[in-house]
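Just below is one structure, and these are the notes that go with it.
The values are calculated or read from the model by the stated rules, or taken from the named source; none is laboratory data. All of these numbers come straight from a predicted model, not from anything done at the bench. Don't worry about glycine lacking a Cβ; one is built from the backbone with ideal geometry, like all the others, and counts go over all protein chains shown.
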Amino acid sequence: MNGDEPIAVFDTNVLVSGFLNPHGAPGQIVDWLRSGVVHAGLDDRIVSEYEDVLYRPRLDLPRHEVHIVLRQIQFGGKWAAAEPRHVAHGLPDPDDAPFAECAAALGCCLVTGNKRHFPRAAVGKLRVLSPRQFRDAISEP
């Protein structure tokens, strides 16, 4: 990573959506993550959730492709030393806190298919984008 590539924290739902529908904005993001065009902001909690969710049998995602993308995310990602910031108290789902905390620690945006799960009152000035907003921002010259 040379520092010029965009970095964002990607909510797990973006990756799931990208595998399920490779033709939409989440699919483009998964392709970018696979190829190193963009890099994921990470910590151990996020990687653990990615692995837990993406390998669930009921999702029936292509395991080999999931493995490739997860390895690229981990090796090309920007690791954060995120600390709990009590964000969870204002989030509808406290399990979403690692994503907001990691994005805040890295000073990057958070990309999610469920923006309402990250209300401004809980995340403050953290920039929360939909997959389409992120794709459009990266695609602009």
I need the helices (runs of 4 or more DSSP H) fully contained in the range 28-141, keeping only those with at least 1 residues that are among the aliphatic types (A, V, I, L, M) and under 17 Å from residue 17 (Cα atoms).
44-54, 63-76
From the options 52, 43, residue that is on the phi < 0 side of the Ramachandran plot and surrounded by fewer than 20 Cβ atoms within 10 Å (Cβ to Cβ)
52
Going through the range 1-16 in order, the residues found to be among the polar types (S, T, N, Q) and modelled with pLDDT of 95 or more are 12, 13
Within the range 85-96, identify whether any single residue is at pLDDT 95 or above and either crowded, with 18+ Cβ neighbours inside 10 Å or hydrophobic (A, V, I, L, M, F, W, C) (or both), and answer yes or no.
no
Report, by residue number, each residue of the range 40-94 that is closer than 23 Å to residue 134 by Cβ and among the aromatic types (Phe, Trp, Tyr).
50, 75, 79
What is the one condition in (1) in contact (Cβ under 8 Å) with a residue 24 or more places away in the chain; (2) more than 18 Å from residue 41 (Cα to Cα) that residue 57 does not satisfy?
(1)
Among the numbered conditions (1) closer than 16 Å to residue 6 by Cβ; (2) at pLDDT 95 or above, tell me where residue 107 comes up short.
(2)
Can you name every residue in the range 17-46 that is modelled with pLDDT of 95 or more and of a type in the set (Val, Ile, Thr)?
29, 30, 38, 46
If you scan the range 63-97, which residues turn out to be in contact (Cβ under 8 Å) with a residue 40 or more places away in the chain and in contact with a Ser or Thr (Cβ under 9 Å, 6 or more places away or on another chain)?
96
Assess whether residue 67 counts as being surrounded by fewer than 16 Cβ atoms within 10 Å (Cβ to Cβ) and modelled with pLDDT under 95.
no
Scanning the range 18-37 for residues that are aliphatic (A, V, I, L, M) and within 15 Å of residue 61 (Cα to Cα) gives 20, 30
State the number of residues belonging to the range 114-124 that are buried (at least 18 other Cβ atoms within 10 Å of the Cβ) and within 17 Å of the chain's Cα centre (by Cα).
3
Kindly indicate the residue of the range 28-40 that is touching a residue at least 40 places away in the same chain (Cβ under 8 Å) and over 16 Å from residue 136 (Cβ atoms) and also surrounded by the fewest Cβ atoms within 10 Å (Cβ to Cβ) among those meeting that condition.
36
Considering only residues of the range 16-27 that are free of Cβ contacts under 8 Å to residues at least 24 places away in the same chain and not in a helix (DSSP H, G or I), which is nearest to residue 136 (Cα to Cα)?
23
